[in-house]
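Here's the structure we're looking at; comments come further down.
The values are calculated or read from the model by the stated rules, or taken from the named source; none is laboratory data. If you're wondering where the values come from, they're calculated on a predicted model, not measured in any experiment. Here Cβ is always computed from backbone atoms with ideal geometry, including for glycine, and neighbour counts include all displayed protein chains. Note: accessible area is taken over every heavy atom of the protein model, side chains too, but ligands, DNA and RNA are not part of it. Shrake-Rupley method; radii C 1.70, N 1.55, O 1.52, S 1.80 Å.
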Amino acid sequence: TLVTDDMLWKVLVNGSWDDYQLIKQKIFEHDPQLIIECRSGFMPQKDMSPTGPPLLRPLIEPSDFDAYFVKSKLRRFNWNQTLLRERDPNLFRGNRMVMAVRPSGKDQYRLRCARISGDEVFQDQILCIKIKKNGPYLTDYTPYLGIFNSSFAGYFAYLTSTQWGKGDMKRSKLRNGELEQIPIPPLTEN
């Protein structure tokens, strides 16, 4: 089974055969109409130089949000400067969710997500999640924010992650592709 199912070894590192059997049940099936996109923020350089007049935008850091909520006062960041990694402008606009790459001990094996919709920017220690349903991006992330902050999503991500919970804490982090695989069942208005 280890050869045919790559998920089994990941689950058995932190869980048991019962955890694996639970994850394989149909309650973990994903809504085929949803496409989850997860990307990390920009990567700063040591000596960033301006590329024009200052363009100050709110900067979110992992300590600036808890599950569901972002602090009201954020530090300002000059967005108009050279960065190490090219940035996708779509990542930093519109409705979206942000999540810390490394869940902390106080998160207690839950993913910590908050919803944003302004012109906030964030570095590579934060992941951005955008979801498409039948083509366009969602405008209301409320139910998905609840799912991503739930014990269910944390349980699934912790057991199926290749890095979170494995080895020392310096390397323990969530990967984009793993979050894109979190099964979200079809939701109704109820």
Percent carbon-and-sulfur accessible area, the chain, ignoring ligands, DNA and RNA, probe 1.4 Å:
52
Loop-only check: which chymotrypsin sites (Phe, Trp or Tyr not before Pro) in the range 1-76 are DSSP coil with at most 10 other Cβ within 10 angstrom?
PHE69
Once label points are set 7 Å from the Cα along Cα→Cβ at both ARG87 and THR142, what is their separation, rounded to one decimal in nm?
3.0
Can you tell which of ASN176, ASN14, GLN123 lies farthest toward the positive end of the dipole of the chain, using +1 and -1 charges on the Cβ of basic and acidic side chains (Lys, Arg; Asp, Glu)?
GLN123
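Please give the FRET efficiency for LEU187 paired with LEU56, using the beta carbon to beta carbon distance and R0 = 25 Å, rounded to the nearest 0.05.
Working: r = 37 Å, r/R0 = 1.49.
That pair, LEU187 with LEU56, gives E of 0.10.
Can you give me the accessible area per residue for the chain, using a 1.4 Å probe, in Å²? Mind showing how you got there, number by number?
On the way: 10740 Å² over 190 residues.
Solvent-accessible surface per residue comes out at 57 Å².
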Work out from phi, with θ = phi - 60° and the Karplus expression 6.51 cos²θ - 1.76 cosθ + 1.60, the ³J(HN,Hα) of each residue of the range 116-133, listed in order in whole Hz, and give x for Gly and Pro.
9, 8, x, 9, 5, 10, 7, 8, 6, 8, 10, 9, 10, 10, 10, 10, 9, 10
Find the centroid of the Cα atoms in the range 116-143 and in the range 56-80, then give the distance between the two in whole Å.
15
Loop-located trypsin sites (Lys or Arg not before Pro) in the range 27-97, at most 16 other Cβ atoms within 10 Å (DSSP):
LYS46, LYS71, LYS73, ARG85, ARG87, ARG93
May I ask for the net charge around LYS130, where only other residues with Cβ less than 14 Å from the Cβ of LYS130 are counted and Lys, Arg are +1 while Asp, Glu are -1?
+1
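Filter the GluC sites (Glu not before Pro) in the range 1-99 down to the DSSP loop ones having no more than 15 other Cβ atoms within 10 Å, then list what survives.
On the way: sites: GLU29, GLU37, GLU86; in loops: GLU29, GLU86.
Answer in residue order: GLU29, GLU86.
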